[in-house]
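The values are calculated or read from the model by the stated rules, or taken from the named source; none is laboratory data. Keep in mind the model is a prediction, meaning the values are calculated, not measured. Heads up, the Cβs are rebuilt from the backbone with ideal geometry, glycines too, and the neighbour counts pull from every protein chain shown.
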């Protein structure tokens, strides 16, 4: 059996300054309101010469604010793609402004 090495740290720490080039699997124990932080953690696992695929697991607990944060992060990624791709070929979300405001209100109540 091959020995495994593990590191447990907040997502922001994994995205800023840690060298994760030996990681093939990443478990994000917390979600960030900025989905680019999660992407940066995953990017830190890729390096020159890294040949194995990297799998990122995000911990989302059902019935908690994590679900809302995760949905908001997905929505932000859609908006990012729309801006960066000049809205060409981007899957438009069916969420209305009211639904978005409702989600934000729920987050602020916590």
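Some notes on this structure:
- Candidates 31, 20 - the one that is in contact with a helix residue (DSSP H, G or I) (Cβ under 9 Å, 6 or more places away or on another chain), at pLDDT below 70 and not assigned by TED's automatic domain parsing to the domain that holds residue 70: 20
- Taken over the range 51-60, residues that are farther than 19 Å from residue 71 by Cα and surrounded by 14 or more Cβ atoms within 10 Å (Cβ to Cβ) amount to 1.
- Within the range 54-83, the set of residues being in a loop (DSSP other than H, G, I, E, B), at negative phi and at pLDDT 80 or above comprises 59, 60, 61, 62, 64.
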